[in-house]
Amino acid sequence: MDSTTLVSDELEAGADLVHRFNQDFEVDVAFWLKESDEDPWYLYIASDAITDDNRRDGYRSVMRATSEAPSVYLDPFQVKVVSAHTPLAEAAAEINRKYPGRIATRVGPAPFGGQYIKAAYIYPRQVVGQAG
């Protein structure tokens, strides 16, 4: 997954993980992010319920979900569990509000969450379990 574009198998594996994670923590927004050409893709799962005090529980949920439904297209160490109040998560949520749709929205290269990124794919609200 070092290329600039994610393939549909990776997007589907990420969506499946988000659904499973949502059983433990309500997901506000989820997105894949590639900060630069040199950086790998990471799947960010953002929840208002995630705090510094329970972030480990969030990663346990990721490990549980990936062990229940392993995928060659997603490594649990590619996942970052964050608060919905981080600048990156807020930027992704704002894009979902502006551009609602049924497929992932691609962004970049562009400014995003206070930094310049190579690319991001933001899952639509339906994927994270919210009404469109």
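The values are calculated or read from the model by the stated rules, or taken from the named source; none is laboratory data. Every value quoted in this text rests on a predicted model; they were computed, and no experiment measured them. When we count neighbours, we look across all protein chains shown, and the Cβ atoms used for this are built from the backbone with ideal geometry, even at glycine. Areas reflect the complete protein model, heavy atoms only, side chains present, ligands, DNA and RNA absent. Shrake-Rupley method; radii C 1.70, N 1.55, O 1.52, S 1.80 Å.
Below are the figures for this structure:
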read-out	value
Matching residues, segment 52-81, being open to solvent by 20 Å² or more (accessible area, probe 1.4 Å), not acidic (Asp, Glu) and not in a helix (DSSP H, G or I)	Asn54, Ala69, Pro70, Ser71, Val72, Tyr73, Lys80
Selection count where residues are open to solvent by 20 Å² or more (accessible area, probe 1.4 Å) and in contact (Cβ under 8 Å) with a residue 12 or more places away in the chain, scope segment 24-51	13
Residue count for segment 18-46, restricted to those that are within 20 Å of Gly101 (Cα to Cα) and not in a loop (DSSP other than H, G, I, E, B)	11
Single condition Lys118 does not satisfy, out of (1) out of contact with any Pro (no Cβ under 7 Å at 6 or more places or on another chain); (2) in contact (Cβ under 8 Å) with a residue 60 or more places away in the chain; (3) at negative phi; (4) open to solvent by 20 Å² or more (accessible area, probe 1.4 Å)	(1)
